[in-house]
Amino acid sequence: MAKIIVMTSGKGGVGKTTSSAAFSTGLALRGFRTCVVDFDVGLRNLDLIMGCERRVVFDFINVINGEAKLNQALIKDKRLENLFILPTSQTRDKDALTKEGVERVMEELKADFDYILCDSPAGIERGALMALYFADHAIVVTNPEVSSVRDSDRILGVLQAKSRRAELGLDPVQEHLLLTRYDAERVERGDMLNVKDVQEILSIPLLGVIPESPAVLKASNVGQPVTLDDKSNAGQAYRDAVGRFLGEDIEHKFLKPEKKGLLDRILRRSA
Amino acid sequence: MTGAAQPRALPFQLRGNTYTMMVLKLIDPGHPEFDDMLRTKIMQAPNFFRYAPIVIDLEEIADTEFDFNGLRARLYDLALVPVGVQGGAPEMQMVALRAGLTVIPAARTPQPMNVARAKPEAAPAAAEPTPAAAPVPAPEPEPRGATLIVTEPVRSGRQIYAPRGDLIVMAPVSQGAELVADGNIHVYSTLRGRALAGVAGDTQARIFVQSLDAELVSVAGFYRISEDIEPALRRKPVQVWLDGNVIRMDPLG
């Protein structure tokens with residue numbers, strides 16, 4: 001049975017799209033047929049992060065409006081056999097997302113995929129509501145910072161009240177916390193909230209902690225999800241998060257600052 | 001608003017409420033030092049009396065010709081706000097009515113008082129609970145509603161209201177969430193949002209919290225904001241109650 005996952009946060013700029021790209025890539029790497037859908041109508045970015053921006057012909061909204069078939073809009077990833085991207089429209093706005101239209105596309109995707117990952121826009125308005133409405137799982141992307149935590153809390157409330165599962169009285173949407181841009185050194189200095197603080201406030205299970213890493217920005221700019229970067233710790237953290245999502249018991253890494261050798265420090269300082 | 005917020009279609013709410021007010025009983029309003037003596041009395045607790053609603057008791061006044069409006073003006077000068085009169089001759093009561101004050105049936109007995117209703121236009125500070133506007137510790141008996149029990153975390157932006165009853169929450173209450181009850185509020189977890197107990201005026205309502213980190217706590221309209229909560233009580237089990245017109249917060253256990 002296909003599962004719908006929403007990548008959401010309430011707040012903007014915390015790493016939803018980056019995480020959507022990385023997580024869907026991670027699921028595909030594990031052999032699952034995965035489709036990642038961009039719900040940020042009018043602010044299309046997922047195609048860039050996935051590196052398929054030059055191959056967009058039709059989009060999600062075209063499919064909703066019946067102007068194109070789903071197969072025409074889906075873009076097959078060049079690196080991974082099992083990974084597909086459904087880009088959104090850059091010229092329309094969130095009102096183009098009708099509940100009936102989104103439902104029809106979701107049903108069609110469910111017939112063909114194992115996982116459908118919905119990349120939510122920021123906010124708690126139509127775009128975000130449509131992205132989370134059909135979800136079975138919600139990955140709440142949070143930065144270790146008070147405003148992000150509060151907005152995540154708000155979106156969790158919305159999930160509990162306005163998702164399809166909530167409205168129909170089904171089992172609630174399964175919530176997962178993904179803490180991104182975690183800088184263990186700054187946490188140690190007390191400049192950032194630590195994992196425990198965030199988890200205590202949000203009280204949902206921790207899926208993963210993604211360390212702040214230059215590899216993430218680089219990955220975005222070259223359009224290659226960071227999950228594919230074997231050398232970066234962020235890539236490793238996303239792969240671990242995917243493993244935990246699939247039920248594996250994996251220890252959380254990167255919670256402590258890396259120990260630097262003397263040579264390392266000298267080199268870093270002179271660099 | 002999401003969740004259990006009670007929809008309120010009307011742009012206003014009309015309901016009864018009870019207040020205690022100071023009664024100024026006039027014995028000899030013509031006394032040459034009347035104002036000075038009253039001012040001395042007030043200066044003992046200036047904050048308590050500032051803009052306090054005052055009921056003028058005319059019972060002892062036999063002289064129906066006395067300068068009522070002059071007295072009113074003098075009370076305003078002392079930052080007292082006359083809202084009504086009780087007792088006295090009908091002529092004097094008419095003068096008071098014409099001056100915009102209400103006539104309150106005098107309550108002579110010390111038993112359950114027939115308490116005055118504050119007139120909003122006469123109480124400029126009525127929006128905020130003034131120190132003197134302490135609600136009476138005997139609200140009108142209303143049928144009690146069922147206790148509302150919440151077991152899920154109460155997320156930011158959510159408001160939960162327990163009409164006429166108690167509200168029990170067994171999960172964390174986030175910043176930006178609001179618990180409202182006509183009765184008591186219990187939180188068997190961390191309270192980081194707001195909790196308002198006795199919102200219909202029940203001054204006996206209390207708030208019990210396992211770990212207090214609230215933005216605001218309120219009983220019967222009296223409130224204390226986060227900044228004014230003693231650091232020693234933070235993240236501790238605490239009960240919040242109303243002592244006269246002061247919010248008290250005591251450690252539990």
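For the range A:196-219, the criterion of being surrounded by fewer than 17 Cβ atoms within 10 Å (Cβ to Cβ) and touching a His at 6+ places or on another chain (Cβ under 9 Å) is satisfied by at least one residue.
The set of residues from the range B:190-213 being open to solvent by less than 20 Å² (accessible area, probe 1.4 Å), part of a loop (DSSP other than H, G, I, E, B), away from chain A (no Cβ under 14 Å) and touching a strand residue (DSSP E or B) at 6+ places or on another chain (Cβ under 7 Å) comprises B:Gly198, B:Thr203, B:Ala205.
Here is a list: A:Glu125, A:Glu81, A:Glu145, A:Glu67. Which entry is within 14 Å of chain B (Cβ to nearest Cβ), farther than 28 Å from A:Leu168 by Cα and not polar (S, T, N, Q)? Testing whether each residue is within 14 Å of chain B (Cβ to nearest Cβ), farther than 28 Å from A:Leu168 by Cα and not polar (S, T, N, Q) leaves just A:Glu145. Checking the structure you have, find out if any residue of the range A:155-165 is open to solvent by 60 Å² or more (accessible area, probe 1.4 Å), under 23 Å from A:Ala241 (Cα atoms) and more than 11 Å from chain B (Cβ to nearest Cβ). Scanning the range A:155-165 turns up no residue that is open to solvent by 60 Å² or more (accessible area, probe 1.4 Å), under 23 Å from A:Ala241 (Cα atoms) and more than 11 Å from chain B (Cβ to nearest Cβ).
Which residue out of B:Val85, B:Val55 is under 27 Å from the mean Cα position of the chain (by Cα) and under 27 Å from B:Ala200 (Cβ atoms)? Lay out the reasoning, then the answer.
Numbers: B:Val85 fails: under 27 Å from B:Ala200 (Cβ atoms).
Selected residue: B:Val55, the only one of B:Val85, B:Val55 that is under 27 Å from the mean Cα position of the chain (by Cα) and under 27 Å from B:Ala200 (Cβ atoms).
All conditions in (1) under 26 Å from A:Leu159 (Cα atoms); (2) more than 14 Å from chain A (Cβ to nearest Cβ) hold for B:Ser174, with the sole exception of (2).
Summed over the range B:43-70, residues that are in a helix (DSSP H, G or I) and either in contact with a His (Cβ under 9 Å, 6 or more places away or on another chain) or surrounded by 20 or more Cβ atoms within 10 Å (Cβ to Cβ) (or both) total 2.
Of the residues B:Leu216, B:Leu242, only one is away from chain A (no Cβ under 14 Å) and closer than 26 Å to A:Ser148 by Cβ; which?
Values: B:Leu242 fails: closer than 26 Å to A:Ser148 by Cβ.
Answer to the check: B:Leu216.
Taking the numbered list (1) open to solvent by less than 10 Å² (accessible area, probe 1.4 Å); (2) without any contact (Cβ under 8 Å) to a residue 12 or more places away in the chain; (3) more than 13 Å from chain B (Cβ to nearest Cβ) in turn, A:Gly190 passes all entries but (1). Counting only helices (runs of 4 or more DSSP H) that sit completely within the range A:121-199, those holding 2 or more residues that are over 30 Å from A:Glu258 (Cα atoms) and touching a Phe, Trp or Tyr at 6+ places or on another chain (Cβ under 6 Å) correspond to A:126-133. Among the residues of the range B:118-149, those that are under 17 Å from B:Val199 (Cβ atoms) and either at pLDDT 90 or above or within 14 Å of chain A (Cβ to nearest Cβ) (or both) comprise B:Thr147, B:Leu148.
How many residues are surrounded by fewer than 18 Cβ atoms within 10 Å (Cβ to Cβ) and of a type outside the set (D, E, K, R) when one looks only at the range A:94-122? First the steps, then the outcome.
Quick first cut of the range A:94-122, residues surrounded by fewer than 18 Cβ atoms within 10 Å (Cβ to Cβ) only: A:95, A:98-101, A:103-104, A:107-108, A:110-112, A:114.
Still in the list and also of a type outside the set (D, E, K, R): A:98, A:101, A:111.
Count: 3.
Looking only at helices (runs of 4 or more DSSP H) that fall completely inside the range A:1-70, which ones have 3 or more residues that are of a type in the set (Val, Ile, Thr) and at pLDDT 95 or above? Please lay out each step first, then the result.
Details: elements: A:16-29, A:46-49, A:60-64.
Correct list: A:16-29, A:60-64.
The values are calculated or read from the model by the stated rules, or taken from the named source; none is laboratory data. Keep in mind it's a predicted model, so treat the numbers as computed, not measured. Glycine also receives a Cβ, built like all others from the backbone with ideal geometry; neighbour counts cover every protein chain displayed. Accessible surface is based on the protein model in full, side chains and every heavy atom, while ligands, DNA and RNA are left aside. Shrake-Rupley method; radii C 1.70, N 1.55, O 1.52, S 1.80 Å.
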